[in-house]
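For reference, the structure is listed below as structure tokens.
Here, each number is a calculation from the coordinates, and none is a lab measurement. Every value quoted in this text rests on a predicted model; they were computed, and no experiment measured them. FYI the Cβ positions are ideal-geometry reconstructions off the backbone, even for glycines, and counts take in every protein chain you see.
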Amino acid sequence: MSVLNLGPELTVPLEEVVGQCVAILGIRGSGKSNTAGVIFEELLEAHYPLSLIDIDGEYFGLKEKYEVLVVGGGDHADVELSMATVGEVANLSLHEGVPVILDVSDMLGGEREAVVFDYLTRLWSLAGRLRTPYLIGIEECHEFIPQGVRTRLKDVIARIALRGRKRGLGAVVISQRSAKVEKDVLTQAGMLFLHRVVHEADMRVYGELLPWRKPEAKEIVSHLGIGECIFLSGTVARKVKVRLRTTFHGGYTPSFCPVESPKLRQVRGRLLEALARAQDAASRPPAEAPAPLALPPAPEWDRAPDAPSIVGSTDLPLPVLVRVDRLLRRLRRLPPVQQRVVGFLVREEPTAYTTDELAAWVDCPEALLRVEPPVAALDLGLVACERLARGITYRGMVRQYVDEAFRGFIPSLGPEGTRQLVAYLRRQIADLAPVERDLAYTP
């Protein structure tokens, strides 16, 4: 099982983060931002898909080690942020698992809230259909979910924090003023990192959150050092030390000593091209919806006058092709990650893969496969699941599937036709897998 290594005596199982609301609180200089950076580093290391709402433009340093798409203004942005790109970025991030930093540091209040609202609303809507693990980090969250004030953006963030678990959505909310953060969000957080605070109002919030007597809580919190915090999970609270982040911290305090920015990974390829196309399309007047893609016809000798066109060129009889097309349509409705899983297993049949091996080959979080296994493919019989000595394994079962689902055709097809059907079906299913991300590292 994957774990987040947050400190010498602090590890958190990755599965406990799925759908979780995490709060990181503390005054400036207490180590709060470092704790957030460490959590995001560990999630990126585990290939856990996420988005960070960066209000100060300080998380670009994660690109020193990880392939992250920075959307917004400033010198480190990969894509310019606008209303035309917000929806497409959310769509690509959730469908393809692309980590995103939404840098809104150059925006004024009204524009910033509109962009963040549209982005989070799109993520919420998509997550309802895909239901895959995904995390949203929100810096200086007291500006978005203030106590005692209701806005449409606050409603969306509170909905994600309080009810996102059923959709696979989790949240990490970060603030230096705990007294100004919506209490319903803090009291429902399943995991808290409470760094040092000094203001009496913030101390009272800590007193309500911690399962200690208030004088005891105040005494411990007031003596926390930099990087130290109270880790509260469920009803268990303990003092811990969070390790230093390994990537560049863009929110460092300026000094007279020069600070050299590191070399950052660059995001290139089809992802940026897709975003550019979306931005260009949004700037043009709306056009008529394109006609459905025409599919290559089945062989003339075996097609009825009004028969549907079927994908691919093959000598298989039309009724067999219709049955294949029906299966492919069903598989196309699966989430992209499950399409990749099924396509890979079918292509590599009969080799069996454990969950962690499969997650590595299809480039998705291991926790996602544990929470969302390829149930549809298992039910169809295209994939088999077995518990072996090395763990739970999956393997493709196209030949066995054909023997069962096409048994009425096999006598007429004969051995050669059956082999052709198996090869054709395997090729079509393997081609369903979405194109892999093209995220190249340029030193």
Loop GluC sites (Glu not before Pro), the range 131-199, which have at most 13 other Cβ atoms in a 10 Å radius of their Cβ (DSSP): none
Need one number: nm distance between label points at residue 83 and residue 400, each 7 Å from Cα along Cα→Cβ, rounded to one decimal. 5.4 nm
Between residue 376 and residue 236, what length in nm is gained on full extension when 0.36 nm per residue of separation is reduced by their alpha carbon distance? 46.5 nm
Going through the range 145-208, which trypsin sites (Lys or Arg not before Pro) have at most 13 other Cβ atoms within 10 Å and a DSSP loop state? 150
Based on Cα coordinates alone, diagonalise the gyration tensor for the range 10-86, multiply each eigenvalue by 5, take square roots, and list the semi-axes in whole Å, largest first. 23, 16, 12
So, with +1 on the Cβ of K and R and -1 on the Cβ of D and E, and no other charges, what is the size of the charge dipole of the range 343-387 about its Cα centre, to the nearest 20 debye? 80 debye
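In nm, what is the difference between 0.36 nm times the number of residues separating residue 152 and residue 183 and their Cα-Cα distance? Don't jump to the answer; show the numbers that get you there.
Details: separation 31, 0.36 × 31 = 11.16 nm, distance 1.70 nm.
Separation in residues times 0.36 nm, less the Cα-Cα distance, equals 9.5 nm.
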Taking every DSSP beta bridge with both residues inside the range 3-281, roughly what % is antiparallel (nearest 5)? 35 percent
Residues residue 318 and residue 163, FRET efficiency given R0 of 56 Å [Cβ-Cβ distance, rounded to 0.05]: 0.70
Set 32/154; 65/183; 65/154 screened for pairs whose C-alpha atoms are more than 28 Å apart: 65/183; 65/154
